[in-house]
1. Hydropathy at least 0.0 by Kyte-Doolittle, axial extent at least 27 angstrom from the Cα trace: which helices of chain B, defined as entire DSSP H runs, fit?
2. With label points built 7 Å along Cα→Cβ from the Cα atoms of A:L502 and A:L530, find their separation and express it in nm.
3. What number, in percent, do you get for the relative contact order of chain B if the mean sequence gap of Cα pairs under 8 Å and at least 6 apart is divided by its residue count?
4. Take every Cα pair under 8 Å in region B:130-258 that's 6+ residues apart, average their separations, divide by the length, and report that relative contact order as a whole percent.
5. Throw me the Rg/Rh for region B:130-258, computed over C-alpha atoms with Kirkwood Rh, two decimals.
6. Just from the alpha-carbon atoms, what are the Rg and Dmax of region A:294-361 in angstroms?
7. Show the residues, 5+ positions off or on another chain, whose built amide H is closer than 5 Å to the amide H of B:N75.
8. Under the rule of at least 5 residues apart or a separate chain, name every residue whose amide H is placed under 5 Å from the amide H of B:L98.
Amino acid sequence: MDFLETSCGCHYREEYWDGELSEILLTALEQIFQWPVLGIIVISAAYGLFMGAIPGLTATMAVALLVPLTFFLDDVAALAAIVTLEACAIFAGDIPTALVRIPGTPSSAAYVDDAYALTRAGRQEEVLGIALLFSVAGGLFGAAVLITSAPWLAKIAFQFTSYEYFWLTLLGLSCAAVVSRGSLLKGALALIIGLLLSTVGLSEVHSSPRFTFAQDELIAGINFIPAMIGLFGVSEVLRNVLWFQNNFRTVVQEGFNQTLTAGRSLLNRLLFQPLRSVFATASDLLWRRKLHVLRSSIVGSFVGMLPGAGADIGAWISFALSKRFSKNPEEYGQGSLEGIGDATSANNSALAGAWIPALVFGIPGDSITAIVIGILLMKNIIPGPQIFTNETQSVLVYGIYITFILANLVLLPLGFLAIRGGSYLVRIPQPILLPVILLFSIVGAFAINGSYFDVWVMLGMGILGFVLEMNQVPLGPVVLGIILGGKLEQTFIQSLTKSDELWDFFARPVAGFLGATCVLVWCSPLLISLWRRRWQTSP
Amino acid sequence: MEFARIKSLASPFFSWLPFVLALLTLVGCQAKETYPSRPILLICPWAVGGGTDRLSREVAVFLEQELAVPVNVVNATGGAGVTGHSRGASARPDGYTLTMMTVELNMLHWRELTEISWKDFTPVMLINRDPAALFTRADENRWEDLNAIADDVRKNPGTLAASGTATGGIWHLALAGWLQAAGLKPDSIKWIPTNGAGPALQELVSGGVDLVCCSLPEARTLLAAGKVQPLGVMAESRVSGYPDVPTFQEQGINWAVGGWRGLGLPQETSQEIVNRLAEALLKIVTGQTLLNGKGFPWFMENEGFNLTWEPSDKFRRSLERADQELGSLLTSPEFSQVNVGRFQPMDFPKLLFGALAITLLALLVRFFSRGKSIAASAPTRLSGEGLIHFLEIVLAVAAFALLAEKLGFVLTAASIIFLLLWRLGTRIWVAAVVTLFVVPAVYGLFGNLLRVPLPRGILGW
């Protein structure tokens, strides 16, 4: 309780409160710390973990499925359920990412190669322990940002026009290409393939069909969820059956046997030993990288705050930054614990960030908060500056703050259980596991739209992913290209339509800054190699 | 060790078995009873989180209460509404696939994006109408009324920029129609395409555009915050809930247009089913169906939707009239000019193809300058067995896509997974146990718990 009170913003902007603060905070705490509400929080945490862990079911879909239930809950409970659900779902996306190389949600795609490489070395518990601890750290930081700076930070995001969005989108894409494993050229190739795939279907700018070959299904374009399942999941199944790798299982098995036989007493074996194997490396790393976590969380919160840029882009940018400033950039893409930690704290802190514009201006920061705004309106709460001054509604805002902290605390034990449960997955022999993964992939691809065409897309992408992997072309940028291609084109054409001057792309201060950063990102590999050469020749 | 592992996997199955069997018999029995006896699918042609999605989900909850079967919403998105509408129109006419039709149904076929039109549906009930409105930034006071803007545009055509949706979308059409009604060229205000009203309003407030054309509820939060100012609404009379917003007609311009949403069934659906649904919907829209003590009109008002309902025959007449109106607008030479912006649809892909060519060229140059080093790490030998397995996986996915609709999910999935398990070298009885556990589990999980509409096939599961 002490903890909650100190972190719930006692230093909050005084002009809003005039001494009623403690009263409002107390009412909010009273409303949350009731058994039914706490029960709802735990249930939605479990539901979120489950939904996030199944590829093809995104956090957004989980929240959408919850909407009818919110009719029956009161305001605080409904919002608490959503906050908990999304925080847990985004972490849970890391579980299949690490264990079977299928990102559970798009936010985990940035570090899928790293996580899976470590699993193959039998270190999946370490990876997931890091994912869990860093997620919680990022989530708590994001909550702190939401609490302390919601009103004034949103104003910055509100200044964004198509120029800023263009650069921001390009920055996200560039980061994906530059940080990816292998050469810059192959990263660029993957990105362009992804962007080209995104142009299939009805263009958002002109509403005219492109590359549809007169097929009705293709007008809708390539949905990125089946594409993602195909690129990462099916291609992995294909690769595995082509070269049956029995060594995979034995490596993982050995790791397990070690952890299983190590303990003596029952308590030791069932609790302390697993706790150590999940959290030992993680807590150590968390302490050593506390400043990096801070940086990643700041990046995540800020990206989350921008409408249309959510947890997934936050993770990519943070991963890129992490690699750029790392002492061992060569590890990235091969199994870098640092990269996973930084990206995973960014995607969790982005969640709270997305609530800032949603609450302050009624403009959603991501697709989840878009649904939240709908629920708020349904409950006769109109998001906007007045929500912070009206007494009954500010109780609700405080309720959101408190649940963000609670959700991340609940995530810690439940996430641990999920990791232990998930780890049993890799003990299943591969001839059994592969068909089951394939079935889940098919159902996941089908589930999102109930469309057979999506199953074909998944298959096509699986084969494409297989071919690209064979040529050491990274798959991450392909996925991001598909997701962001439409937005990039749109902001590009919007900006061009507004004005003929190319200079206008840099004329606004924030746009100029983002544009320059973008150019720098593309030049940085070149600059770094030049700088290294010079440094080496003249020490 | 191996055996023990499999056994521990199988044991949960046996505790499930009675439940699963009971479930299967239940589903089988119900198939022949009166409508509705199994879950209904409500197709929403727009994405999760948007206005149509919110409305669909609310209607679904009330229908569920009224019909006593689950009503599941599926977002069949993309193609500016083509996907959802065409899937809804071509669904089996058994009353188990409803579509939330939107105004785009009357526009897509005129723009030759699809052959589907309102004639492919049996209209059941119109639920909502949202007239278009014009907004500007609140703090600037640039224009007093519509005529002031029109004068501005007349003096400097092409300098103002407006937004609201994609080029050629309903709000773009509304703006162009107003300009035409005011005696101006439809393209004398630049249209900046955006992905819906939300981003357009953001552009407006941040100074990116001068005007936004969208519905009043879409701008509701910004209106309440005093960020945007409405200049007029394109309706015949003022809209309830927004009594201060004058109509275009009051300002001397005869122009009314807007979006609407309503439920439809595939065209050949039997009258009996249409009547049953219409009856249920009538109870809902008149507020007789209560949920938690609250009726549908209460939800509509709180969400800021304008509840306007029309029964089947009236809805049909409005559809026919609106289709003619929009058709004559969309096919007129002035509008076909508007739809072609300065940048062609293929400009962006061309740019990408250019970049692709450069990248491939650079990769080639590097390949030849560095020699084999790139290809060196290619994996070792291919075995014939591996290749066969590879093909089997591809065939398995294809088999699902081709057969599931006819055979139903359970049969298709079970045969696929059983054959794959067996082919990959699992012993037959292990494969059978895994299949019998996994398939019902997936079916229960997705089909029942998460309400994903899995293929039903001839047997109903």
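1. Numbers: long enough: B:2-30 (41 Å, 1.10); B:312-331 (28 Å, -0.93); B:347-370 (35 Å, 1.33); B:384-407 (33 Å, 1.52).
Answer set is B:2-30, B:347-370, B:384-407.
2. So the two model labels end up 2.0 nm from each other.
3. Numbers: 669 pairs, mean separation 82.2, N = 461.
The value is 18 percent.
4. Numbers: 240 pairs, mean separation 48.3, N = 129.
Reported as a whole number, the value is 37 percent.
5. Working: Rg = 12.9 Å, Rh = 14.2 Å.
Rg/Rh for region B:130-258 comes to 0.91.
6. 12.4, 43
7. HN-HN under 5 Å from B:N75: B:C44.
8. For B:L98, whose amide H was placed from the backbone, the distant partners under 5 Å are B:L41, B:L42, B:I43.
We did not get these values from a lab; they are worked out from the coordinates using the rules stated. Fair warning: this is a prediction, and the values are worked out from it, not measured in the lab. Counting neighbours? That spans all protein chains shown, and the Cβs are built from the backbone with ideal geometry, glycine included.
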